[in-house]
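Novice: Here it is, the structure in full.
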Amino acid sequence: MRQYDHKKIEKKWQKIWEDKGIYKTQETDSPKCYVLDMFPYPSGEGLHVGHPKGYIATDIYSRFKKMNGYNILHPMGWDAFGLPAENFAIKNKIHPEVSVSKNIKRFKEQLSILGFSYDWNREINTTDPKYYKWTQWIFLQMFKKGLAYQSYEPINWCPNCKTGLANEDLDGAKCERCDTVVEKKPLRQWVLKITEYADRMLEDLDELNWPESIKESQRNWIGRSEGSEIDFEIEGIDKKIKVFTTRADTLFGATYCVLAPEHKLLDELKDNIKNWEEVEGYKKEVEQKTEIERTKEEREKTGVKLEGIFAVNPANKEKIPVFVADYVLGHYGTGAVMAVPAHDQRDFEFAKKFGLPIIEVIKGGDISKEAFVGDGILVNSGEFNGMDNKKAKKAITEYVGGKITVKYKLQDWVFSRQRYWGEPIPIVHCSDCGAVAVPEEDLPVELPKVQSYEPTGTGESPLAGIKDWVNTKCPKCGKDAKRETNTMPQWAGSCWYYLRYEDPKNDNALVDKQKEKYWSPVDVYVGGAEHATRHLIYARFWHKFLYDIGVVSYKEPFLRLQHVGLINAEDGRKMSKRWGNVINPDDIVKTYGADTLRVYEMFMGPFDQGVSWSTKSIIGARRFLEKVWKLSFKVKKDNKKNESLQALLHKTIKKVSEDIESFDFNTAISQLMILANQMEKEEFVGKDDFKTFILLLSPFAPHIADELWEMQGLSGLVYEQKWPEYDQSLIKEQSINFVIQVNGKVRDVIKTNPDISEREALELAQKSEKVKKWIEKKGIKKIIFVKGRLINIIV
RNA sequence: GCCGGGGUGGCGGAAUUGGCAGACGCGGCGGCCUUAGAAGCCGUUAUGGGCAACCAUGUGGAGGUUCAAGUCCUCUCCCCGGCACCA
């Protein structure tokens, strides 16, 4: 008997697959299936065993779908812009392009030994000018539609990276990349109007086959709330405070107003505020704090009263004081609130601290202890007394001439970075024409070669120092002008890459319309949960924009989303060089084989759940494959069938098919093991049955599958075979274990046919010695009979 | 604090959605084979009691619904992920 030599077998088949080009995507009319991995950032560290988990799953799924007659698009590429490559370049004085292509080569090698069915003809790389030409093109379309604008608002500034960071790039109060505490600094930025799409992104979530948790966090992230905008006159001054509130029903209980420290009105009221110095000091103090610090101070509210300023409550014309306090945020709502201490906990705490009146206007709570935020009937509200508070929201808003509006937590997306290694923003600044789009025929605006990648530290990109690149002519008037030196964030390239796979080499369009119509949308998208609210929101936003301008024909990019649970190191920590706990897939493949690694990673536990790596457990997967290997030597050469195996075989076809479809790979493998164990016990294995077994195993362990296929004298490649079908009539067991309970406790289990009737079951039960002793001398009170399962005798 | 997902043997995890709890695998124990080991094979492995057949207990905890609860309901404790003064 030949030994199972994974090294030989895996090399052999990988070469055959490549030579025959069987994974090349076909242009056919058959139904399509687009299976996509979140493409990796090719870091210098290479892959650890956790990385391929998702890729193994998509590979299994693709192979399964292909064998079920689908035309498959299963591509891979590289998200290669970003800070690590740039930092590496700064340190080692090597152009990022060089290290990136080296890393890609390494990643590709590591992936290739795992036997994936990627169509490498469609490989893309976000840093390839032919690719980012279209990233820039999309930006230009947004610019033309007024969705990209410049803004000088203060942004998060990392003094170490010397770059601006979006809120999303922060980790607590620190820079996500380098752990330095960030500051605030006003910088000119490009911003994308993602807020314009907030409502649509929220609505269309309902149609997606995504995990509920992701949909929920996107809803939170978008943070839609309906409320009212109401004006408060300032006494004696011709100015108004516009507040946003979701509780217009409590307007009669508003006993003061609060402005955010960033609120513009403060400066406008400078001359009227008697304690301006104090107010200004407070503003400065708040500026020092990051938003994170500010929002962390849950206990103690701070603020300063604006002396000499009074607002007028439009409901009851009461004169109320105005404060500046940092618990009100400048960028949310109108940056100003009406405070109702009786019915908002934050206002309640503030009012207690500053000794402000607390007036109950909704009945139902005990406002001496805490704010009552529930629903109820209005009191102390003039003509609205007795009204239901939900009704009162609209009624009171109208009464004071306010308007019903909608606000979002979602903020516009700061889209520029003061960095070298990113897509240049295709804009030219002209002193006469302002910001002018680079003509589309001049795209891509390529990154120039530079001497130093160091950030300038002034907030400008290293590109600013390259005079012959920066200096150009205005595309509009031809006058001397300067190029935009900001680059795009890493998210940019990943916002639309899935479209490029559909038509990766097209120089005339982002994607051909026919091809887009055929392949879109992505049927299954697999990746880590950490991208729930960033990548997935940005990509949806871009996609909807592309839909609006007619580039794509579907509203949503990703129909179904599957999470991959991370694999941690054996010690439970993240696998990282830093902890020295990294397991390299190359080593595992060398010792056990790619097929073993694939089977093991899918068998470890539920696919979307995190697990710790266990090198000692991997032996189980290897033993399983060895067992299958040995089984092949007891296969009958003629077509004799082993009848006693049929029920289990067909049950296995059913279970494995269903489990792959639902990404329950662990139970699919377990079922294959059960079948293999049974086959081992049998006298012999029929050739057809073993053939079926190979087919079922092949998505998980494609190399050994092809080898066994060949050993059985079967022709062709397993990938090109048809997926087996099950026969429902065969699945039905001839005999089942029928449970007999007395008073709900199992007293006997008998083998019988599944169609046994209640009367027959009762007779059998009464015959059983084990049951007899529990029911004799007691009257039977009740019988519960569940067909094909159990009988429960109550005595 | 809010939202989402969890808590089952020594370990990873199963459980046809209310019907034999612990499938499958790892590890352990005993045995076969071997000069010996490795590999492999066979048996065993939730806990307590018993020589045994068997009996009792058992899915984080406390109640409840039901003939029947890991699964449904109420309360509660713990773990993981996300969001967080959002007016």
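Novice: Every residue in segment A:642-669 that is farther than 22 Å from A:GLU680 by Cβ and more than 25 Å from the chain's Cα centre (by Cα), please.
Specialist: A:SER657
Novice: Of the residues A:ASP37, A:ASP79, A:ASP19, which is of a type in the set (D, E, K, R) and touching a His at 6+ places or on another chain (Cβ under 9 Å)?
Specialist: A:ASP37
Novice: Then there's this: Which of the helices (runs of 4 or more DSSP H) found entirely inside segment A:540-637 contain at least 2 residues meeting this: open to solvent by 30 Å² or more (accessible area, probe 1.4 Å) and more than 26 Å from A:MET711 (Cα to Cα)?
Specialist: It comes to A:585-592.
Novice: Just need a number here: residues in segment A:660-694 that are open to solvent by 10 Å² or more (accessible area, probe 1.4 Å) and either assigned to a helix (DSSP H, G or I) or among the hydroxyl-bearing types (Ser, Thr, Tyr) (or both).
Specialist: The qualifying residues number 16.
Novice: Show the residue pairs that are 6+ apart or on different chains and have beta-carbon atoms under 8 Å apart, the first residue being within segment A:394-413 and in contact (Cβ under 8 Å) with a residue 60 or more places away in the chain, the second being within 11 Å of RNA strand B (Cβ to nearest atom) and of a type in the set (Phe, Trp, Tyr).
Specialist: As it stands, the answer is A:THR405/A:PHE244; A:LYS407/A:PHE244; A:LYS407/A:TYR332; A:LYS409/A:TRP221; A:LYS409/A:TYR332; A:LEU410/A:TRP221, since those pairs meet every condition given.
Novice: Which of the residues belonging to segment A:335-349 are assigned to a helix (DSSP H, G or I) and crowded, with 23+ Cβ neighbours inside 10 Å?
Specialist: A:PRO341, A:ALA342, A:HIS343, A:ASP347, A:PHE348 - these are the residues of segment A:335-349 that are assigned to a helix (DSSP H, G or I) and crowded, with 23+ Cβ neighbours inside 10 Å.
Novice: Further question: Just wondering, is there one or more residues in segment A:81-92 that are of a type in the set (Asp, Glu), under 21 Å from A:TRP491 (Cα atoms), within 26 Å of the chain's Cα centre (by Cα) and part of a helix (DSSP H, G or I)?
Specialist: yes
Novice: Name the residue, out of A:GLY374, A:GLY308, that is outside any helix (DSSP H, G or I), surrounded by fewer than 18 Cβ atoms within 10 Å (Cβ to Cβ), out of contact with any Asp or Glu (no Cβ under 8 Å at 6 or more places or on another chain) and at positive phi.
Specialist: Step by step, each of A:GLY374, A:GLY308 is checked, and only A:GLY308 is outside any helix (DSSP H, G or I), surrounded by fewer than 18 Cβ atoms within 10 Å (Cβ to Cβ), out of contact with any Asp or Glu (no Cβ under 8 Å at 6 or more places or on another chain) and at positive phi.
Novice: A:LEU695: at pLDDT 85 or above, more than 16 Å from RNA strand B (Cβ to nearest atom), in contact with a Pro (Cβ under 6 Å, 6 or more places away or on another chain) and of a type outside the set (D, E, K, R), yes or no?
Specialist: Against the criterion (at pLDDT 85 or above, more than 16 Å from RNA strand B (Cβ to nearest atom), in contact with a Pro (Cβ under 6 Å, 6 or more places away or on another chain) and of a type outside the set (D, E, K, R)), A:LEU695 qualifies.
Novice: Among the residues of segment A:526-538, which ones are part of a helix (DSSP H, G or I) and surrounded by 21 or more Cβ atoms within 10 Å (Cβ to Cβ)?
Specialist: Of everything in segment A:526-538, those that are part of a helix (DSSP H, G or I) and surrounded by 21 or more Cβ atoms within 10 Å (Cβ to Cβ) turn out to be A:LEU536, A:ILE537, A:TYR538.
Novice: A further question on this structure: Taking segment A:237-292 on its own, how many of its residues are in a loop (DSSP other than H, G, I, E, B) and within 12 Å of RNA strand B (Cβ to nearest atom)?
Specialist: Of the residues in segment A:237-292, 9 are in a loop (DSSP other than H, G, I, E, B) and within 12 Å of RNA strand B (Cβ to nearest atom).
Novice: Hand me the list of strands (runs of 3 or more DSSP E) wholly inside segment A:719-795 holding 1 or more residues that are loosely packed, with under 13 Cβ neighbours inside 10 Å and touching a Lys or Arg at 6+ places or on another chain (Cβ under 8 Å).
Specialist: Ranges flagged: A:736-742.
Novice: List every residue pair whose Cβ atoms lie under 6 Å apart, where the two residues are 6 or more positions apart in sequence or sit on different chains, the first residue falls within segment A:240-251 and is of a type in the set (Val, Ile, Thr), and the second residue, located anywhere, is in a strand (DSSP E or B) and open to solvent by 20 Å² or more (accessible area, probe 1.4 Å).
Specialist: A:VAL243/A:VAL337; A:THR246/A:SER225
Novice: Restricting attention to segment A:69-107, which residues are open to solvent by 70 Å² or more (accessible area, probe 1.4 Å), more than 21 Å from A:TYR132 (Cβ to Cβ) and in contact (Cβ under 8 Å) with a residue 12 or more places away in the chain?
Specialist: Passing the criteria: A:TYR70, A:ARG106.
Novice: Could you run through segment A:599-609 and say how many residues are touching a residue at least 60 places away in the same chain (Cβ under 8 Å) and within 7 Å of RNA strand B (Cβ to nearest atom)?
Specialist: Within segment A:599-609, residues that are touching a residue at least 60 places away in the same chain (Cβ under 8 Å) and within 7 Å of RNA strand B (Cβ to nearest atom) number 4.
Novice: Name the residues in segment A:699-744 that are among the acidic types (Asp, Glu) and more than 16 Å from RNA strand B (Cβ to nearest atom), would you?
Specialist: Within segment A:699-744, A:ASP706, A:GLU707, A:GLU710, A:GLU720, A:GLU725, A:ASP727 meet the criteria.
Novice: Residue by residue through segment A:641-682, note down the ones that are within 11 Å of RNA strand B (Cβ to nearest atom) and out of contact with any helix residue (DSSP H, G or I) (no Cβ under 9 Å at 6 or more places or on another chain).
Specialist: A:SER662, A:LYS681
Novice: Let me ask something additional. Only one of A:GLU725, A:GLU720, A:GLU683 is within 21 Å of A:GLU10 (Cβ to Cβ) and either charged (D, E, K, R) or in contact with a strand residue (DSSP E or B) (Cβ under 7 Å, 6 or more places away or on another chain) (or both); which?
Specialist: None of the other options fit; the residue is A:GLU720.
Novice: Among all residue pairs at least 6 apart or on different chains, which show Cβ distances below 9 Å where the first residue, located in segment A:610-629, is touching a residue at least 40 places away in the same chain (Cβ under 8 Å) and the second is within 6 Å of RNA strand B (Cβ to nearest atom) and open to solvent by less than 30 Å² (accessible area, probe 1.4 Å)?
Specialist: A:VAL611/A:GLY605
Novice: Give all pairs with beta carbons closer than 8 Å in which a residue from segment A:332-357 that is farther than 19 Å from A:SER228 by Cβ meets a residue that is within 7 Å of RNA strand B (Cβ to nearest atom) and open to solvent by less than 30 Å² (accessible area, probe 1.4 Å); count only pairs at least 6 apart in sequence or on separate chains.
Specialist: If the second residue must be within 7 Å of RNA strand B (Cβ to nearest atom) and open to solvent by less than 30 Å² (accessible area, probe 1.4 Å), the pairs left are A:GLU349/A:LYS301; A:PHE350/A:LYS301; A:LYS353/A:LYS301.
Novice: Next question, about the same structure. Step by step: first the residues of segment A:227-236, then only those that are out of contact with any helix residue (DSSP H, G or I) (no Cβ under 9 Å at 6 or more places or on another chain) and either among the small types (Gly, Ala, Ser) or assigned to a strand (DSSP E or B) (or both), then the one that is nearest to RNA strand B (Cβ to nearest atom). Which residue is that?
Specialist: A:PHE232
Novice: Next question. Does any residue of segment A:121-129 turn out to be in a loop (DSSP other than H, G, I, E, B) and buried (at least 19 other Cβ atoms within 10 Å of the Cβ)?
Specialist: Looking through segment A:121-129, at least one residue is in a loop (DSSP other than H, G, I, E, B) and buried (at least 19 other Cβ atoms within 10 Å of the Cβ).
Novice: Moving on to the next point. Return the residues of segment A:377-416 that are more than 16 Å from RNA strand B (Cβ to nearest atom) and part of a loop (DSSP other than H, G, I, E, B); say none if nothing qualifies.
Specialist: A:VAL379, A:ASN380, A:SER381, A:ASN385, A:GLY386, A:MET387, A:GLY401, A:PHE415, A:SER416
Novice: Tell me, which residue of segment A:350-371 that is touching a strand residue (DSSP E or B) at 6+ places or on another chain (Cβ under 9 Å) and not in a strand (DSSP E or B) is nearest to A:THR245 (Cα to Cα)?
Specialist: A:VAL361
The values are calculated or read from the model by the stated rules, or taken from the named source; none is laboratory data. Computed from a predicted structure; not experimentally measured. A quick note on method: Cβ atoms are made from the backbone with ideal geometry, for glycine too, and the neighbour counts reach across all protein chains shown. Remember, those area values only see protein heavy atoms, side chains included, never the ligands or the DNA or RNA. Shrake-Rupley method; radii C 1.70, N 1.55, O 1.52, S 1.80 Å.
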